[in-house]
Amino acid sequence: MPEATHTTEGGARAAPEGFEPRIVAFFCNWCTYIAADLAGTSRMKYAPNVRVIRTMCSGRVDPQFVLEAFARGADGVLIGGCHPGDCHYQEGNYKTLRRYTLLRQVLATLGIEPQRFRLEWISASEAERVRAVVNEMVEQVRALGPLRLEVPQEVPVPRQREEVAA
Amino acid sequence: MAEGVGGPNGRPRIGVYICHCGTNIAGTVDVQALSAYSTTLPGVVVARDYRYMCSDPGQELIVKDIAEHRLQRVVVASCSPLLHEHTFRGAAARGGLNPFQVQMVNIREHDSWVHEDREAATAKAGDLIRAAVRRVALHRPLERRRVTINPDVLVVGGGIAGIHAALTLANAGKHVYLVEREPTIGGHMAMFDKTFPTLDCAACILTPKMTAVKAHPNITLWTYSEVTQVGGYVGNYQVTVRRKPRYVNEDLCVGCRECIEACVYKEGKTPDEFNLGLSRRKPIYMPFPQAVPQVVVIDREACIEFKSGKCKKTCVEACGERGAIDFSQQERLETIRVGAIILATGFKIFDARRIPYYGYGTYPQVYTALEVERLVNAAGPTGGEVVLRNGRRPESVAIIHCVGSRDENTNRYCSRVCCMYSLKLAHLIKEKTQAEVYNFYIDIRAPGKSFEEFYNRVQEEGTHFIRGKVADLYPGGDGRLVVQVEDTLLGKVRKIPVDMVVLSVGLEPRPDAQEVRRLFNISCSTEGWFLERHPKLAPVSTFTDGIFLAGACQGPKDIPDSVAQAGAAAAEALALIDAGAVELEPYTAYVVEEDCSGCKTCIPLCPYNAISFVAETKKAQINEVLCKGCGVCVAACPSGSIKQNLFEDEAIFEEIEGVLTHA
């Protein structure tokens, strides 16, 4: 990852006027993505701040995706997977949980507040949960303000693993 | 990208198609602006918006543009890919593109339907389209893997839906395994007396079908059996079935029932499940006279031999030389291979004890509708006499609708059949007892063929209809119960003494529906019914290919609907297996050998044992037949040497950047 430095001066971050959190969500194809579809067919209304990226399993979410999202300007990252015991691939979500637990600690050391990174088990029928989680997260992140990781825009963020390892 | 860089800036030539979906999308999202915006995205050579992209002319736009604009990639911004990905991949393929060079953007379910702010929704759609355009540039052509399909089908559940599905498939020449948990097939329908609205005798239309199942050379009928394990994938499922011991050899028993006569119990002591406890049965019993198969079963819990080992075994004696009774019988596990599975596991009735003020289980005069079905049934515990538990014939009967249905405290949904069976029971009770019958209803819902006519007929017969939700039920004099209700048409509270109360209980998912759902890897709706792939367009399919739904396990249904759906499920299964082969999605993972360090991190992560370590090369290898494409190993590989088709790291990074990088 590039050098991620905060622009904050240590004090409380006042959210700028009109700040709209940008949240990247990784939803598994078999549960949470379907739940989000159901929220749509049920015409539930929720905050438009989430951009969903579909993966076949929440276990496909490489920690680098989360870091990349934050580095690229996401104010929050949400992962949605099937409930424990319900994974379409038997146990992918347990692996997600392990990675999530570790990654939260890594993010904390980088100064990224825990509310900005969330893992939720949302089954295909739980459209209401999608609505509630998204709204809640948007509000929490809105209260925190922008992430303000300083990423030099003119220099492309290295994405190759070799470069990351270097 | 090695392939297809014919566009500006050395990028593939991309076409973007934005669907209005009538006003479903266009009402909330500025589709024209999106179309204009899309042309500014790198690689995009044409962008269009159209009223219905999924329609024939909509698809034709794509087909023509592929040729005219020499498109190499296609992005369609419309509904969920789970709905129409197949459609647009097909259109691209007709235009000569590889179907996997298409990316869908979900701007309906995930955008226009869930947001109200037009500006925000349009901005979101723009972000998603930008992500897709960046991602699709990396798409490589992929081939679907073709696997042959096992032509056999498993039907789980032997009620009317399972029976009909099994017979339809068997008649089409397919081999069917019909697995039923109870000792007999027939399900709830076998318990009914007459069916609404025609008052057909349920047994007369059901039992011949039950017999046909047993007699059909293409059906393997396993009653008293349960599916315990399901593995494999569409076309090639491996299923383990546990066959519970009935302590009677099915091949030897002829159903003469002499053993039942001879049992040391002179009278039955165990509540008879089939009669809902309104009668008693012996430890060795036939569930009901027309049971299929005609084989008795021994209830281990009630049989003296199992409890003490000191029974005189008069049943064995009565069976004589036939020797069908076998106390040493053990549970057996059978493994079968099938190409498709139809779930027809049915429903349970609402437990009326959950509404205490209706007094079910407290007042002996209160019955559930299913119990009354048994009472009016000529083969039931009273021989078809409608009499109370004390033997008296009721002179006035209350039928309370919507018990456990359309109620915030229990189930909010309408159970769909209770109105009609209440009308039917009103007719049958009146016919058999000449009692005054009062129906207490919220609404009468009679939307089926000849249903309204039946409602009118029951009204003309003199049944009373009182619109109001019963608030209380309490003992009056003479062993009667008083029904207290606010008659909402008269606008006053009424108290009506009755001899008998019938609770029109609703339908609920089976208590183990969640376990069954996990077993078959399907989803449930909020209420717990099995979830169909699409409520309109794929009502019998599930999200798991090759697994279909029939009957009330999908939601409350009457008999004609269950049968119709069972036929549809059988037809879907037939269409699948008659194709002979099925194409599997190519989202499998693969190892880029030169990058693999041989660390073996991936190997224990794979739940399908698809990854092996090749000793000679010291590299991991993925068996693409076993790989199901979850991508767990891809995310875990420390050297980045495992990739997943269509979900490469690069593609997802492009999406991340795409949704975040405002133009």
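Consider the range B:516-532 and keep the residues that are facing chain A (nearest Cβ under 10 Å) and assigned to a helix (DSSP H, G or I). The one that is surrounded by the fewest Cβ atoms within 10 Å (Cβ to Cβ) is B:R518. Looking only at the range B:60-84, residues that are within 14 Å of chain A (Cβ to nearest Cβ) and either touching a Cys at 6+ places or on another chain (Cβ under 7 Å) or at pLDDT 95 or above (or both) come to 6 in all. Filtered by the rule that a residue be surrounded by fewer than 18 Cβ atoms within 10 Å (Cβ to Cβ), free of Cβ contacts under 8 Å to residues at least 24 places away in the same chain and not aromatic (F, W, Y), the range B:608-646 gives B:N609, B:S612, B:V614, B:A615, B:E616, B:K618, B:N623, B:L626. I want to confirm something. Restricting to the range B:210-250 and keeping residues that are of a type in the set (S, T, Y), part of a strand (DSSP E or B) and at pLDDT 95 or above, which single residue is surrounded by the fewest Cβ atoms within 10 Å (Cβ to Cβ)? Filtering the range B:210-250 for residues that are of a type in the set (S, T, Y), part of a strand (DSSP E or B) and at pLDDT 95 or above, the one surrounded by the fewest Cβ atoms within 10 Å (Cβ to Cβ) comes out as B:T228. Would you confirm, using the coordinates I've provided, whether B:G58 is among the small types (G, A, S), surrounded by fewer than 24 Cβ atoms within 10 Å (Cβ to Cβ) and on the phi > 0 side of the Ramachandran plot? It is false that B:G58 is among the small types (G, A, S), surrounded by fewer than 24 Cβ atoms within 10 Å (Cβ to Cβ) and on the phi > 0 side of the Ramachandran plot. Of all residues in the range B:326-347, those that are in a loop (DSSP other than H, G, I, E, B) have Cβ atoms under 8 Å from Cβ atoms of residues that are acidic (D, E), 6 or more apart or on another chain, in B:F327/B:E305; B:G339/B:D152.
Scoring B:Y608 on the criteria (1) within 23 Å of the chain's Cα centre (by Cα); (2) within 14 Å of another protein chain (Cβ to nearest Cβ) leaves a single failure, condition (1). Across the range B:492-515, the qualifying residues are those that are among the charged types (D, E, K, R) and assigned to a loop (DSSP other than H, G, I, E, B), and the one among them that is nearest to B:Y438 (Cα to Cα) is B:D499. Of the residues examined, B:G268 is one that is touching a Pro at 6+ places or on another chain (Cβ under 9 Å), without any contact (Cβ under 8 Å) to a residue 24 or more places away in the chain and farther than 30 Å from B:A579 by Cα. Which residue is farthest from B:V133 (Cα to Cα), if the candidates are limited to the range B:612-663 and must be among the basic types (K, R) and assigned to a loop (DSSP other than H, G, I, E, B)? Per the stated criteria, the residue is B:K618.
Looking across the range B:345-369, the residues that are within 28 Å of the chain's Cα centre (by Cα) and surrounded by fewer than 17 Cβ atoms within 10 Å (Cβ to Cβ) come down to B:K348, B:D351, B:R353, B:R354.
Scanning the range B:261-283 turns up at least one residue that is buried (at least 16 other Cβ atoms within 10 Å of the Cβ), at positive phi and part of a loop (DSSP other than H, G, I, E, B). A count restricted to the range A:33-85 and to residues that are under 20 Å from A:R104 (Cα atoms), in a loop (DSSP other than H, G, I, E, B), under 15 Å from the mean Cα position of the chain (by Cα) and more than 7 Å from chain B (Cβ to nearest Cβ) stands at 1.
Residues considered: B:A166, B:A125, B:A170. Of these, the only one that is over 25 Å from B:P42 (Cα atoms), assigned to a helix (DSSP H, G or I) and in contact with a Leu (Cβ under 8 Å, 6 or more places away or on another chain) is B:A166.
Taken as a whole, the structure leaves B:T207 outside the set of residues that are under 30 Å from B:K432 (Cα atoms), hydroxyl-bearing (S, T, Y) and surrounded by 20 or more Cβ atoms within 10 Å (Cβ to Cβ). In this structure, B:I466 does not qualify as among the aliphatic types (A, V, I, L, M), touching a residue at least 60 places away in the same chain (Cβ under 8 Å) and buried (at least 16 other Cβ atoms within 10 Å of the Cβ).
Identify the residue in the range B:446-467 that is in a loop (DSSP other than H, G, I, E, B) and under 29 Å from the mean Cα position of the chain (by Cα) and, among all such residues, is nearest to B:V485 (Cα to Cα). Result: B:A446.
Restricting attention to the range B:128-154, the residues that are outside any helix (DSSP H, G or I) and either more than 25 Å from B:T39 (Cβ to Cβ) or in contact with an Asp or Glu (Cβ under 8 Å, 6 or more places away or on another chain) (or both) add up to 17. Yes or no: the range A:94-114 includes at least one residue that is out of contact with any strand residue (DSSP E or B) (no Cβ under 6 Å at 6 or more places or on another chain), within 12 Å of chain B (Cβ to nearest Cβ), part of a loop (DSSP other than H, G, I, E, B) and crowded, with 22+ Cβ neighbours inside 10 Å. For the range A:94-114, residues out of contact with any strand residue (DSSP E or B) (no Cβ under 6 Å at 6 or more places or on another chain), within 12 Å of chain B (Cβ to nearest Cβ), part of a loop (DSSP other than H, G, I, E, B) and crowded, with 22+ Cβ neighbours inside 10 Å: absent. Every test in (1) part of a helix (DSSP H, G or I); (2) modelled with pLDDT of 95 or more; (3) more than 10 Å from every other protein chain (Cβ to nearest Cβ) is passed by A:E120 save one, and that test is (1). When the criteria are applied in full, B:G15 meets the requirement of being buried (at least 21 other Cβ atoms within 10 Å of the Cβ) and either modelled with pLDDT of 95 or more or not in a loop (DSSP other than H, G, I, E, B) (or both). Criterion first (at the interface with chain A (Cβ under 8 Å from one of its Cβ atoms) and either at pLDDT 95 or above or in contact with a helix residue (DSSP H, G or I) (Cβ under 6 Å, 6 or more places away or on another chain) (or both)) does B:A125 satisfy it? The answer is no for B:A125.
Quick one: is B:D649 touching a residue at least 40 places away in the same chain (Cβ under 8 Å) and not aliphatic (A, V, I, L, M)? No, not satisfied.
Filter the range B:181-226 down to residues that are among the hydroxyl-bearing types (S, T, Y) and in contact with a helix residue (DSSP H, G or I) (Cβ under 9 Å, 6 or more places away or on another chain), then give me how many there are. Qualifying residue count for the region: 4.
Residues are listed down the side, and each one gets a yes or a no for (1) assigned to a loop (DSSP other than H, G, I, E, B); (2) touching a residue at least 60 places away in the same chain (Cβ under 8 Å):
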{"position": "B:R353", "(1), (2)": "no, no"}
{"position": "B:Y363", "(1), (2)": "yes, yes"}
{"position": "B:C402", "(1), (2)": "no, yes"}
{"position": "B:S422", "(1), (2)": "no, yes"}
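Within the range A:22-32, if we keep just the residues that are assigned to a loop (DSSP other than H, G, I, E, B) and within 7 Å of another protein chain (Cβ to nearest Cβ), the residue that is surrounded by the most Cβ atoms within 10 Å (Cβ to Cβ) turns out to be A:W30. Checking each residue in the range B:109-118 for being touching an Asp or Glu at 6+ places or on another chain (Cβ under 9 Å) and at the interface with chain A (Cβ under 9 Å from one of its Cβ atoms) picks out B:E109, B:H110.
Among the residues examined, B:C54 does not qualify as assigned to a loop (DSSP other than H, G, I, E, B) and within 14 Å of chain A (Cβ to nearest Cβ).
The values are calculated or read from the model by the stated rules, or taken from the named source; none is laboratory data. As the structure is a prediction and not an experimental result, all values here were calculated from the model. Ideal geometry is used to build each Cβ from the backbone, glycine not excepted, and the neighbour counts take in all protein chains shown.
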